[in-house]
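Participant: My questions all concern the structure below.
The values are calculated or read from the model by the stated rules, or taken from the named source; none is laboratory data. If you're wondering where the values come from, they're calculated on a predicted model, not measured in any experiment. Counting neighbours? That spans all protein chains shown, and the Cβs are built from the backbone with ideal geometry, glycine included. SASA here: full protein model, heavy atoms, side chains in, ligands and nucleic acids out. Shrake-Rupley method; radii C 1.70, N 1.55, O 1.52, S 1.80 Å.
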Amino acid sequence: MNLKKWRYVGLAALTATVALSLAACGNSSSSDKKSATSSESKTLTISVDKGYKKYVNKIKGKFEKDNNVKIKMVNKDMLDQLEALQLDGPAGKAPDVMMAPFDRVGGLAQQGQVAEYNPVSGRYASTGEDAVKYDGKHYGAPVTIESIVMYYNKKLIDKAPTTFDEIEAISKDSKFAYENDKTKNVGFLAQWTNFYISYGVFKGYGGYVFGDDNSNPKKIGLNNAGSVEALDFMTNYFKNVWPKGMQDIQANQNFIDDQFTKGKTAVVIDGPWKASSYKEAGIDYGATVLPTLPNGKDYQAFGGGKSWVVSAYSKNQSLAKKWLDYVSNDANQKTFFTMTAEIPANLKAQNAAKEDGTELTTAVIEQFKKDDPLINLPEMSEVWDAGQTIVTNAASGKMTSKEAADAGVKVIKQKIEQKYGSK
């Protein structure tokens, strides 16, 4: 996963660990029942970030009672825990249960570090279930969902635009002319040099990353006719609408934030992690789903989030999977939203969140329904930088859209071949 490229800030929080080793399990014979009630200590290790500690403490009692176990937590960053798993697992020091971003699940599964787990039927949207699937099998229970959305300044425009035709009208309004170059316009801004943000445009025009619904890395579609059309559409904004600074991959995010929080920009596309800074800046903002593209198709972004996973090294896999069943049920996911304000993956809990949450909560939930699951194949790590370069080469005019797309795909194929071979 390349967090720097897609700014998936919401993923970078979570971990702690709870150790719980399961003593004699067995059938329902009287001797087994006697063993189950012995004085042997049974513990299950669960790793969560300190931000989830109160939540786990809140819900763990019933699980402990029902399963005659004791859960003990220790804090460790989610990503640090995943990095440690490869060594700690074989050494018997890894937790039984931990959390993982959607886009790490495939790599963990490929490496044999997480156990198969079938999510309880009916609890999730297909986007959520597919996000924890690798090579036709599931490897986790979705916890949270995230998606980029559209923010708009309610003091600058009367209502949220629903199409890019309306966005184009805003981008021609002299009210939003850039103060340092009146020939340019900042009414609408999006960090399309960031492939996490621009992917939905490629997808909406018929482009794709990997073939067979992003499951086949041998086939890459970022230079097909749809992808080239998407690049033409985005390049128009870079060349003819936005200030040249929007091409600067080091500074354009700061520029967008500055223009929106100073009330210069009416509409931006970004993630839910931006809401707090907008609120702190005193912006009366609204949030809604992404606008329809000029071809009438949805801006189909990446649907991200986090999941519970079970260590493949765990000696308590049966009990660990019971925890995944338990922690992802309707009631516990509703409690999760109440205590963390993060949007739950469970559909019934989402409905409760929409009732009790904010406009942003509803926007993320509704946009996630349109989204593509965040790609969890290990080969995706070779796409983020190249996807950025494809856009910047076209935006700068150094290459045509077709030339930029072809060059980028060539790099992706070469890197995948070098790292993963031709298998």
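Participant: Could you identify the single residue in 269, 256 that is under 25 Å from residue 232 (Cβ atoms), assigned to a strand (DSSP E or B) and either hydrophobic (A, V, I, L, M, F, W, C) or touching a residue at least 12 places away in the same chain (Cβ under 8 Å) (or both)? Outline the logic, then answer.
Facilitator: Working: 256 fails: assigned to a strand (DSSP E or B).
After applying the criteria, what remains is 269.
Participant: Here's a follow-up. In region 177-196, what residues are among the hydroxyl-bearing types (Ser, Thr, Tyr) and either modelled with pLDDT under 95 or out of contact with any Pro (no Cβ under 8 Å at 6 or more places or on another chain) (or both)?
Facilitator: 183, 193, 196
Yes/no per residue for (1) surrounded by 23 or more Cβ atoms within 10 Å (Cβ to Cβ); (2) β-branched (Val, Ile, Thr); (3) in contact with an Asp or Glu (Cβ under 9 Å, 6 or more places away or on another chain):
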| position | (1), (2), (3) |
| --- | --- |
| 320 | yes, no, yes |
| 356 | no, no, no |
| 365 | no, yes, no |
| 373 | yes, no, yes |
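Participant: Please determine, by comparing only the residues of region 193-231 that are within 18 Å of the chain's Cα centre (by Cα) and of a type in the set (Phe, Trp, Tyr), which one is farthest from residue 378 (Cα to Cα).
Facilitator: 202
Participant: Here is a list: 413, 419. Which entry is surrounded by fewer than 15 Cβ atoms within 10 Å (Cβ to Cβ) and not acidic (Asp, Glu)?
Facilitator: 419
Conditions (1) in contact with a Pro (Cβ under 9 Å, 6 or more places away or on another chain); (2) under 18 Å from residue 402 (Cα atoms); (3) part of a helix (DSSP H, G or I); (4) at pLDDT 95 or above, marked per residue:
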residue	(1), (2), (3), (4)
198	no, yes, yes, yes
206	no, yes, no, yes
219	no, yes, no, yes
223	no, yes, no, yes
227	no, yes, yes, yes
233	yes, yes, yes, yes
239	no, yes, yes, yes
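Participant: Quick test of your reading of the structure: residue 124 fulfils all but one of (1) modelled with pLDDT of 95 or more; (2) within 16 Å of the chain's Cα centre (by Cα); (3) more than 23 Å from residue 319 (Cα to Cα). Name the failing condition by number.
Facilitator: Checking residue 124 against (1) modelled with pLDDT of 95 or more; (2) within 16 Å of the chain's Cα centre (by Cα); (3) more than 23 Å from residue 319 (Cα to Cα), the one that fails is (3).
Participant: List the pairs whose first member sits in region 188-215 and is farther than 22 Å from residue 416 by Cβ, whose second member is among the hydroxyl-bearing types (Ser, Thr, Tyr) and open to solvent by less than 10 Å² (accessible area, probe 1.4 Å), and whose Cβ atoms are under 6 Å apart, counting only residues at least 6 apart or on separate chains?
Facilitator: From region 188-215, the pairs are 189/265; 192/198; 200/299; 204/299.
Participant: Still on this model: Residue 198 is checked against (1) small (Gly, Ala, Ser); (2) in contact with a Phe, Trp or Tyr (Cβ under 6 Å, 6 or more places away or on another chain); (3) open to solvent by 10 Å² or more (accessible area, probe 1.4 Å); (4) within 30 Å of residue 99 (Cβ to Cβ) and fails just one. What number does that condition carry?
Facilitator: (3)
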